[in-house]
Amino acid sequence: MLSKVEKLLKEQQRVAYVDLAKSEVEKENGNELFRKGDYPAAVRHYSEAIRRNPDDAKIYSNRAACYTKLAEFNLGLKDCDECIRLEPNFVKGYVRKGKIHQGLKQFSQAQNAYQKAIDIDANCQDAATGFRECIMSMNSDPEEVRKRAMADPEVQQIIKDPAMRVILEQMQTDPRALQE
């Protein structure tokens, strides 16, 4: 019973703490610090702005940008996800999510995020550029090419074929055998 009362009291305190005007001031302070390159201080102001207005997707997006600059990619992804949950048509949330996945070399997830941004706004240059960069990165990274090939149902069928398996193994051990 006490835990229910404590939870109710905490929720009332949280709601009482919400103040849109103070949130806007904190957000502007965060923006100014971001422009100056003081990302840790900007994160503190954006965090306070979120406590004052937990329903503003743009603040989560701004804090995600700070986390990206600080290479705190997992925290940035959490903020992007919250931003998108709050405002599913906010293009910048998807673009920032794409940039974070790119930073983590998770090109297919980045490509998905950029595609969602493009679906919302076909003229978004940041999303189009990020999407193209992902394609180029995926095609230049041998490990990524191998992963995509292994996920392809046609490739999986070929690998299951015993005759093809023998040929592939022979190619790996003696590449000249292919010429015979």
* To do: Straight distance only, please: which aspartates and glutamates reach the Cα of LYS160 with their own Cα at less than 15 Å, same-chain residues fewer than 8 apart left out?
  => ASP152, GLU169
* Excluding same-chain residues fewer than 8 positions from LYS36, which lysines have a Cα within less than 26 Å of its Cα? -> LYS22, LYS27, LYS58, LYS69, LYS78, LYS92, LYS97, LYS99
* Asked: With r defined as the distance between the Cβ atoms of ASP152 and LEU104 and R0 fixed at 25 Å, what FRET efficiency is calculated, to the nearest 0.05?
  -> 0.60
* Rounded to the nearest 20 Debye, what is the dipole magnitude of the range 49-180 about its Cα centre when Lys and Arg each give +1 and Asp and Glu each give -1 at the C-beta? -> 580 debye
* Asked: What is the gain in length, in nm to one decimal, between THR129 and LYS4 on full extension, counting 0.36 nm per residue of separation less the C-alpha to C-alpha distance?
  -> 40.0 nm
* Structure fact -> Checked against the positive end of the charge dipole of the chain (+1 on Cβ of Lys and Arg, -1 on Cβ of Asp and Glu, about the Cα centre), the farthest of PRO162, ALA42, GLN12 is GLN12
* Asked: What 222 nm value per residue comes from the helices of the chain, counting each DSSP H run with n ≥ 4 as -39,500 (n - 2.57) and dividing by all residues, nearest 500 deg cm²/dmol?
  -> -26000 deg cm²/dmol
* **Distance (nanometres) between label positions extended 7 Å along Cα→Cβ at LYS36 and LYS78** => 2.7 nm
* When the Cα centres of the range 46-86 and the range 112-165 are compared, how far apart do they sit, in Å? -> 28 Å
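We did not get these values from a lab; they are worked out from the coordinates using the rules stated. Everything quoted here is computed from the prediction, not taken from an experiment. Because the Cβ atoms are built from the backbone with ideal geometry, glycine has one as well, and the counts that use them run over all protein chains shown.
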